[in-house]
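Right, one structure below, let's go through it.
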Amino acid sequence: MAEAGVEVRICADPEALSRAAAEAFVILAEKSVRRSGTFSVALAGGSTPRGLYGALASPGFREQVPWLQTHLFWGDERCVSPNHEASNYKMVHDSLLVHVDIPVENIHAMHVDVDPRQGAALYEAELRAFFAGMTFPVFDLVLLGLGRDGHTASLFPGSPALVEKARWVVTSHSLETGTDRITLTLPVLNHAAAVFFLVAGKSKAEILGHVFSEENQCRELPAGRVRPDQGLVTWFVDERASEKLARS
Ligand code: 6PG
């Protein structure tokens, strides 16, 4: 199952998955800060990552993260107010930001107070300022989830956002939730130095089996197309989500 540059870590349950991902997050943070002085992370939205953010906010982990050198970005955002229940910013704020001493200037939320296209353009400008001089931004870590249709970030199957080759940030639309989105593009995800997928629950077993099985055109699925040229992809999967994976 594990190919070059891809590692699958099967954890007993969502709590064990969050702890394993938090341990790997801390190791990566220390390595990145030692190497470049900063640790840049694109955060995942949805509900699964809440467990990881809660772990990072808990005593034992929060003292280990170099928050002063850590810069938090978002991989995608729903175009709703930052205090709306569906907001990915709100989910991170409530589960992590209120519990750790991270400087406000290190928190780079997506712009949802303007038209989505303008929000995407503003966020791309902010990324280009932070990752000055790069053809594409190289995040030290990109956190991602997996939707039951194989989407990741807000790159949905068949969406124009999925085939964007030049821009770093574009708009998208979720048919399931009917919300406009802002999302990092596939080239940005594929320039990451490291990617963690966080996948938990029986409802993800089917799609995860597709992503890892060649005959199902897994490369057509957005999540199956995250293959950083230089970076390692680590799938943190709980037992229930792993039920359709070949145990090779
Ligand atoms: C979002 C996420 C999205 C999410 C998947 C899985 O904004 O919803 O970016 O890609 O990661 O839909 O969501 P769950 O973790 O809630 O299953």
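Structure values in brief
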| item | result |
| --- | --- |
| Residues (at pLDDT below 95 and not hydroxyl-bearing (S, T, Y)) located in segment 177-208 | G178 |
| Subset of segment 136-161 (residues that are among the hydrophobic types (A, V, I, L, M, F, W, C) and either assigned to a loop (DSSP other than H, G, I, E, B) or under 22 Å from P49 (Cα atoms) (or both)) | F136, V138, F139, L141, V142, L143, L144, L146, A153, L155, F156 |
| Conditions (1) under 14 Å from the mean Cα position of the chain (by Cα); (2) farther than 25 Å from A109 by Cβ; (3) surrounded by fewer than 23 Cβ atoms within 10 Å (Cβ to Cβ); number of the one not met by W235 | (3) |
| Identity of the residue in segment 116-158, more than 18 Å from the chain's Cα centre (by Cα), small (G, A, S) and within 24 Å of S81 (Cα to Cα), that ends up nearest to the ligand (Cβ to nearest atom) | G119 |
| Within segment 69-107, considering residues that are within 16 Å of the ligand (Cβ to nearest atom) and in a strand (DSSP E or B), the one surrounded by the fewest Cβ atoms within 10 Å (Cβ to Cβ) | L72 |
| Tally of residues being within 12 Å of the ligand (Cβ to nearest atom), within 24 Å of L28 (Cβ to Cβ) and not in a strand (DSSP E or B) across segment 162-199 | 1 |
| Filter pass, S154 being among the hydroxyl-bearing types (S, T, Y) and either closer than 17 Å to A42 by Cα or touching a His at 6+ places or on another chain (Cβ under 6 Å) (or both) | yes |
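The values are calculated or read from the model by the stated rules, or taken from the named source; none is laboratory data. Not measured: the values here are computed from a predicted model. No Cβ is skipped: glycine too gets one built from the backbone with ideal geometry, and neighbour counts run over all protein chains shown.
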